Amino acid sequence: MKKGDTAKIVSGILALIFIVVYGIKYFSDESQDTEQPRKDLAAISFVQNYAGNDNSGSTVTETISAIITLAYRNEGIVNNPSTSMSWDSLPKFGSGPNIYDVYFDFKTYDGSKEFHFVADLDKEKVWAGNAIASDILKVVENEQ
């Protein structure tokens, strides 16, 4: 074996180790990235379908829809081009692994409303994060 051949083999082995180590790290990070959005979507779905502690109330989504329909009677506000609605979820900072801040943003020509909920997926409980979400949960929980 020539002196230059040994250097090529060592360089090839180092390159292979580099590729394997960073490939493992890349695919490991990628799987974590895909897992988090699934949990975020699970938190959003849980809040949307939450129907109170005893599951006997209307859902959060049904309640918000009814309030929007009453507030914007005869306007077709949901189909108005100036209207936007979106759900978002983030892990709650400083809390357990399955506790999320869940937001519903409703924007129209006359302003915007942000409904902020806190969802605990382990305990299957939703709390209000702001006053408007509190009002929604009172209806859902039949506490009017």
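Working only within the stretch 90-102, note down all residues that are without any contact (Cβ under 8 Å) to a residue 24 or more places away in the chain and either surrounded by 14 or more Cβ atoms within 10 Å (Cβ to Cβ) or of a type in the set (S, T, N, Q) (or both).
Listed by number, the residues that qualify are 95, 99.
When the stretch 95-121 is examined, which residues are found to be among the charged types (D, E, K, R) and either in contact with a Gly (Cβ under 7 Å, 6 or more places away or on another chain) or under 13 Å from residue 64 (Cβ atoms) (or both)?
Those that are among the charged types (D, E, K, R) and either in contact with a Gly (Cβ under 7 Å, 6 or more places away or on another chain) or under 13 Å from residue 64 (Cβ atoms) (or both): 101, 105, 113, 114.
Per-residue answers, yes or no, for (1) farther than 29 Å from residue 109 by Cβ; (2) touching a Ser or Thr at 6+ places or on another chain (Cβ under 9 Å); (3) modelled with pLDDT of 55 or more; (4) surrounded by 10 or more Cβ atoms within 10 Å (Cβ to Cβ):
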residue	(1), (2), (3), (4)
12	yes, no, no, yes
16	yes, no, no, yes
22	yes, no, no, yes
35	yes, no, yes, yes
46	yes, no, yes, yes
51	yes, yes, yes, yes
60	no, no, yes, yes
73	no, no, yes, no
88	no, no, yes, yes
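Which ones in the stretch 108-144 are over 17 Å from the mean Cα position of the chain (by Cα), within 17 Å of residue 61 (Cβ to Cβ) and not hydrophobic (A, V, I, L, M, F, W, C)?
Passing the criteria: 113, 134, 135, 138, 141, 142.
Could you grab me the full set of residues in the stretch 122-142 that are among the hydrophobic types (A, V, I, L, M, F, W, C), surrounded by fewer than 17 Cβ atoms within 10 Å (Cβ to Cβ) and within 17 Å of residue 43 (Cα to Cα)?
Across the stretch 122-142, the qualifying residues are 127, 128.
The values are calculated or read from the model by the stated rules, or taken from the named source; none is laboratory data. This is a predicted model, so every value here is computed, not measured. Positions of Cβ are backbone-derived with ideal geometry, glycine not excepted, and every protein chain shown enters the neighbour counts.
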